[in-house]
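Peer 1: Before I ask anything, let me first share the structure, which is written out below as structure tokens.
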Amino acid sequence: MKKVLLITGGSRGIGAATALLAAKQGYNVAVNYAREKARAEAIAAQISNAIIVQGDVSISRDVTRIFDEVEEKLGPITHVINSAGVTGKSSPLADARDDVIAGTLDINLKGSIFVAREAARRMSTKRGGRGGVIINVSSGAATLGSPNEFIWYAASKAGVDALTLGLGREVADEGIRVCGVAPGLTETEMHAFSTGEAGRIERMAPSIPMKRAASPDEVARTILFLLSDDASYITATTLRVAGGR
């Protein structure tokens, strides 16, 4: 069966690393982006059979359009990765602005739910689909709480874990597996781009049992395992990739 993979937030970080690795493993890849078209184009240019598709996952009609465009250009979607995410500028919760909290919840949680819902509608064998796999990118923060940094981000990712558990059980007999990956500290631009703290990786690394951050490729390889038939009996489960933390 032709493997068509949609990656939300695929223009940077873990999403981009996963897109490149998936292409090497025979997936046809759709790289979703919200604003950074040039970055998405740069990733797609490295893949022989890839497209880019613009859309804001926090807007339901955008999500429907994203799926429509991908299926029109590549065929039925068989695999989906919910990778779009932000943290917002770090601070104690008492100092966090309304727009930072709302924006994080909109993209991380509401967006993941919208994307997973659309995937379930199209993949479910009970609704005429052919089955598939949904991977939700969570965070180790979901169980750490991220005090004094971004509690709202941790809360959004705890919601993503609940989505993985609930939807995974709901569609287990409809040909769909739903898994999560919870990365710990990872070498991506999110630390400077979203949190506003350029030196966060260096500050946090000593607190990790392995004494280092993960590379995006290390997380991507875990995602590709869960997408594959090697993980055929794994669903409603989030796998932690956090160096022991």
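No value in this document is a laboratory result; all are computed from the given coordinates. Keep in mind that what you see is a predicted model, and the values were worked out from it rather than measured. Neighbour counts are summed over all protein chains in view; Cβ atoms, including those assigned to glycine, are modelled from backbone coordinates with ideal geometry.
Peer 1: How do 143-155, 119-131 rank on mean C-beta neighbours within 10 Å, highest first? Could the numbers behind the result be given before it?
Peer 2: On the way: 143-155: 18.5, 119-131: 16.6.
For the peptides 143-155, 119-131, the packing ranking is 143-155, 119-131.
Peer 1: Using a 10 Å cut-off around each Cβ, can you sort Ile7, Ile47 from fewest to most neighbouring Cβ atoms?
Peer 2: Details: Ile7 30, Ile47 17.
Starting with the residue having the fewest Cβ neighbours, the order is Ile47, Ile7.
Peer 1: Now for a separate question. Let me make sure I get this right: for region 73-154, a, b and c are the square roots of the gyration tensor eigenvalues over alpha carbons, sorted descending. Under 1.5 in a/c it's rounded, otherwise prolate if a/b > b/c, else oblate. Which is it? Write out the running numbers ahead of the final one.
Peer 2: Numbers: a/c = 3.44, a/b = 2.74, b/c = 1.25.
It comes out prolate by the Cα gyration axes.
Peer 1: Further question on the same structure: Show me the ranking of peptides 77-90, 199-212, 220-233 by mean Cβ neighbours inside 10 Å, starting with the highest.
Peer 2: Details: 77-90: 24.9, 199-212: 12.6, 220-233: 16.7.
Ranked from most to least packed, the peptides come out as 77-90, 220-233, 199-212.
Peer 1: Counting other C-beta atoms within 10 Å, which of Thr238, Thr104, Thr18 has the fewest, and how do the rest follow?
Peer 2: Working: Thr238 26, Thr104 23, Thr18 31.
Taking fewest neighbouring Cβ atoms as first place, the list is Thr104, Thr238, Thr18.
Peer 1: Need the C-alpha centroid separation for region 134-148 versus region 13-78, integer Å.
Peer 2: 24
Peer 1: Next question. Counting pairs on different chains as well as pairs 8 or more places apart, how many Lys pairs in region 4-240 have Cα atoms under 20 Å apart?
Peer 2: Working: Lys24/Lys73; Lys37/Lys73; Lys89/Lys110; Lys89/Lys157; Lys110/Lys157.
Close lysine pairs found across region 4-240: 5.
Peer 1: Next question, about the same structure. Find out how many positive minus negative residues lie around Glu71, taking Lys and Arg as positive, Asp and Glu as negative, among other residues whose Cβ is under 14 Å from that of Glu71. Don't skip to the end; give the middle numbers.
Peer 2: Details: positive: Lys2, Lys3, Arg65, Lys73, Arg121, Arg122, Arg130; negative: Asp68, Glu69, Glu72, Glu118.
Net local charge, Glu71 excluded: +3.
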